[in-house]
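A short write-up of the structure that comes next.
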Number of protein chains: 2
Amino acid sequence: MRILSIHADRLWYHATKKTRMAEPTNVREDRMEECVVLFCCVEKLDEKDPDQVIRSATAGVRKRLAMLHVNRVLIYPYAHLTSTLGSPPVALYILKGLESSLIDTKVEVKRAPFGWYKEFEIRGKGHPLADLSMTICPYHGTECDFTCPYCHHPFKEGDAGHICGGAL
Amino acid sequence: MRILSIHADRLWYHATKKTRMAEPTNVREDRMEECVVLFCCVEKLDEKDPDQVIRSATAGVRKRLAMLHVNRVLIYPYAHLTSTLGSPPVALYILKGLESSLIDTKVEVKRAPFGWYKEFEIRGKGHPLADLSMTICPYHGTECDFTCPYCHHPFKEGDAGHICGGAL
């Protein structure tokens, strides 16, 4: 899962049009101020253990919120951060899970609807920690930022060294 | 090189603070309206052939501009789209090259300064083609969206099938 996190004065969106995988929603337009906007993109690899991805994303987001002294987030599905998108049902499961899990830890949360085209306006604060990105992987206690887009298995650094020292 | 392209009503930015790799600039604040904003992120692999990346990015951007009937772009350096960043000198070379190359083809271009923290405001149009992403690779006539982050060499699909069918 890739998350681009932007500390913003405000975000406004308006869901203009459904895609084929649109979730039903009564909230087509919303806004939030003085918040962190989480542009979220669930990847193929996340299908391996969605619950672990939720736990790890929650921990990563909370850490950054503490650093920024912010307690308010808007989860904004954004498919354009990867070339290996996860399946829509898993993506929605993870986004809803992240929402619930942050609410459980007393963070104020809104979530923009999944699978809609949206016009939006954001004003990013632009201080040194305002824009951050995270790569969340479904493994316990490991850093993993590299996946084969063909078989969707992760590479470990050792594997890569071995493979890439060869004929490639 | 990753490019996130957003068809926008407007973008405004203000360069608030230098990073260590800031380019000198007299333009700390600027705006553009009815344009395509290109959030650009030069990757390690692009160092292999920066001129080919410029040519390929120019062609990709022009194709998308034609589709959107837009002739005005703002090139916005944005490091948060990859985990394998290219070196700052190569990144600046490619961004400036893309700027010149688009100007040569009669596109109206502005470029936000490289290496600065920036506050910004963007309003994205949200129609089905408004948000697009591109992965540009430094190879002629090939599609290449997959790179080893350890050795920075590309994998071909055939290699991946072979490797990933094995012990991984």
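Data overview
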read-out	value
Two-site FRET efficiency, B:Ser87 against B:Gln52, from Cβ-Cβ distance with R₀ of 22 Å, rounded to 0.05	0.85
Virtual spin-label span in nm between A:Thr25 and A:Ser100, 7 Å along Cα→Cβ	1.9 nm
Surrounding net charge for A:Val107, when Lys and Arg each add one and Asp and Glu each subtract one, Cβ distance under 13 Å	+4
Calculated from backbone phi, Karplus (6.51, -1.76, 1.60) coupling profile of segment A:103-117 in Hz, x at Gly/Pro	4, 4, 9, 6, 8, 7, 10, 10, 9, 6, x, 7, x, 10, 6
Unsatisfied cross-links (Cα-Cα over 23 Å) in the set A:Lys44/B:Lys63; A:Lys17/A:Lys110; A:Lys96/B:Lys118; B:Lys17/B:Lys96	A:Lys44/B:Lys63; A:Lys96/B:Lys118
Viscosity 1.306 mPa s, 10 °C: Kirkwood-radius Stokes-Einstein D of segment B:2-156 over Cα pairs, µm²/s	101 µm²/s
Two-site FRET efficiency, B:Lys18 against A:Ala66, from Cβ-Cβ distance with R₀ of 30 Å, rounded to 0.05	0.70
Kirkwood hydrodynamic radius over Cα pairs of segment A:50-115, then Stokes diffusion coefficient at 37 °C and 0.692 mPa s, in µm²/s	265 µm²/s
For A:Ala15, residues with placed amide H under 5 Å, excluding near neighbours	A:Glu29
P(r) tail fraction, segment A:1-93 - alpha-carbon pairs more than 22 Å apart, %	33 percent
Relative contact order [Cα under 8 Å, 6+ residues apart], segment A:2-156, whole percent	38 percent
Exam field: B:Met67 pseudo-label spacings to other copies (7 Å along Cα-Cβ), nanometres	3.4
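FYI, it's all coordinate maths here, none of it is from the lab. Note that the structure is predicted; figures quoted are calculated from it, not measured. When we count neighbours, we look across all protein chains shown, and the Cβ atoms used for this are built from the backbone with ideal geometry, even at glycine.
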